[in-house]
Amino acid sequence: MMHTKLSPVTSLLLFIFLSSLTVRSTGENPFTQKTYLIWYWNKEIQNNQAKPIFLLSKASPLSATESASFSKLAAQNALSSRLSAFCASANLLCFPDSLPSMFGQQDSQRNYKISYHPPLSAKGGSGEFTKQRVEPGKFFRESMLKKGKVIPMPDINDKLPEMSFLPRSISSKQPFSPLKVSVLKHIFHAGDNSTMETMIVKSLIECKRAPNPGETKRCVSSAEDMIDFAVSVLGRNIDILTTKNVNGSKQSIMIGSIEGINSGKVTDSVTCHQLLFPYLLYYCHSVPKVRVYQVDILNPNSKAKINNGVAICHMNTSSWSPTHVAFLALGSAPGRIEVCHWIYQNDLTWIVVD
């Protein structure tokens with residue numbers, strides 16, 4: 001019997017049609033990327049956990065018709081001819097140079113967002129980093145996660161504009177290599193030495209660099225790609241954890257109830273950090289020997305719960321650089337201490353469901 005391979009666009013439209021058969025009762029529009037993502041989640045994830053609101057909120061706002069139209073343009077290398085419409089319809093960041101107030105603070109406040117989140121990089125810090133003052137609470141010891149303990153929380157706000165994933169039918173057609181920067185510059189109308197060129201180049205280099213010792217990594221530009229990577233590392237019985245909100249940011253907080261994932265034992269996880277790119281792009285990776293905690297965050301004065309945070313503790317830092325900012329902040333050296341940090345706004349961690 002012959003099997004015909006469907007094109008990505010045809011597959012997408014078929015999937016949306018099939019998913020509509022199961023989600024019409026929920027009141028969702030059956031012809032949206034969100035509906036398709038619900039279908040894809042149900043297909044790939046094997047548990048009865050609630051659908052992750054956070055991931056669904058990142059689904060492309062493009063309709064099926066728009067997705068098919070822009071996918072055809074992408075296949076013809078003609079997206080640049082409809083860039084304004086594409087960026088507006090798909091909720092992309094195509095004109096960063098029009099946002100000077102935000103990007104003017106990029107190096108000092110959110111440098112890790114343009115490349116790699118420092119707490120997790122074995123290479124971690126350079127002389128440039130270690131000359132800077134480390135924000136209080138950015139790194140902490142596992143012993144600080146004790147009920148009733150008052151500690152500083154760093155600025156966990158995401159300074160980037162809200163963006164959405166591209167449908168896989170479009171993202172899969174985009175060049176994604178430092179060798180293809182000129183093509184991407186053409187697509188997104190990026191001038192030489194522009195903010196757009198800088199963010200494209202830095203993110204591509206970070207995505208294509210060799211993994212650190214023990215690290216498994218992948219950059220993903222669609223929700224489906226993120227699900228696939230998490231499943232490939234952790235299996236199908238998985239769920240997403242995110243810090244609930246930004247309450248307590250840049251303030252003293254009190255630690256409330258603490259829940260250790262996998263009963264507080266060393267566990268496997270996949271953490272995804274947003275990178276600066278025209279469309280939503282995440283650096284996802286799994287590193288060995290971590291403990292993951294869900295922590296109730298309280299107002300230290302009223303003792304009222306104001307947030308629920310996700311903290312990750314790296315138990316083996318022996319391969320980290322001696323110049324990593326975590327050691328500057330905590331006063332130690334590689335392999336001598338564990339290093340913990342919060343999951344920031346718009347970042348997430350995948351875990352195995354107990």
**Prompt:** If you take the beta carbon distance between N237 and S143 as r and set R0 to 22 Å, what does 1/(1 + (r/R0)^6) give as a FRET efficiency, to the nearest 0.05?
**Reply:** 0.10
**Fill in**
So the FRET efficiency between T65 and E135, C-beta based with R0 = 45 Å and rounded to 0.05, is 0.50
**Prompt:** Rounded to the nearest 10 Å², what accessible area does S169 show when all protein chains are kept and the probe is 1.4 Å?
**Reply:** 10 Å²
**Request:** May I ask for the Rg/Rh ratio of the stretch 236-354, computed from Cα atoms with Rh as the Kirkwood radius, given to two decimals?
**Result:** 0.98
**Asked** Taking H as built 1.01 Å from N, whose amide H comes closer than 5 Å to the amide H of N308, not counting residues under 5 places away?
**Response** K244, N245, I297
**Item:** Normalised alpha carbon radius of gyration of the stretch 188-281 [divisor 2.2 N^0.38 Å]
**Value:** 1.41
**Request:** Please work out the average accessible area per residue across the stretch 191-239, using the 1.4 Å probe convention, and give it in Å².
**Result:** 40 Å²
**Fill in**
HN-Hα couplings for the stretch 177-193 via Karplus (6.51, -1.76, 1.60; θ = phi - 60°), in whole Hz with x for Gly/Pro, come out as 7, x, 7, 10, 4, 4, 5, 5, 4, 5, 4, 9, 6, 8, x, 4, 6
**Fill in**
Quick shape check on the stretch 242-299: root eigenvalues a ≥ b ≥ c of the Cα gyration tensor, a/c under 1.5 is rounded, otherwise prolate if a/b tops b/c, else oblate, and it reads oblate
**Prompt:** By how many nm would the segment from K250 to S302 grow when fully extended, if each residue of separation counts as 0.36 nm and the alpha-carbon distance is taken off?
**Reply:** 17.0 nm
**Message:** For the stretch 36-88, take N as its residue count and report Rg(C-alpha) divided by 2.2 N^0.38 Å.
**Reply:** 1.48
**Request:** Quickly work out the E259-to-D158 label distance, labels modelled 7 Å from Cα along the C-beta direction, and quote it in nm with one decimal.
**Result:** 2.2 nm
**Asked** Can you give the accessible area per residue of the stretch 244-329, in Å², using a 1.4 Å probe?
**Response** 37 Å²
**Item:** Spin-label pair S81/V266, simplified geometry with 7 Å Cα→Cβ offset, distance in nm
**Value:** 5.7 nm
**the stretch 266-353: trypsin sites (Lys or Arg not before Pro) in DSSP coil with no more than 16 other Cβ atoms inside 10 Å** = K289, K303, R336
**Request:** Enter the accessible area of S321 (Å², nearest 10), with the probe set to 1.4 Å and all protein chains included.
**Result:** 20 Å²
**Request:** Note down the accessible area of K138, probe 1.4 Å, to the nearest 10 Å².
**Result:** 30 Å²
**Request:** With a ≥ b ≥ c taken as the square roots of the eigenvalues of the C-alpha gyration tensor of the stretch 181-229, please select rounded if a/c is under 1.5 and otherwise prolate if a/b is larger than b/c or oblate if it is not?
**Result:** oblate
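The values are calculated or read from the model by the stated rules, or taken from the named source; none is laboratory data. Keep in mind the model is a prediction, meaning the values are calculated, not measured. Neighbour counts are summed over all protein chains in view; Cβ atoms, including those assigned to glycine, are modelled from backbone coordinates with ideal geometry. These area figures cover heavy atoms from the full protein model, side chains too; ligands, DNA and RNA do not enter into them. Shrake-Rupley method; radii C 1.70, N 1.55, O 1.52, S 1.80 Å.
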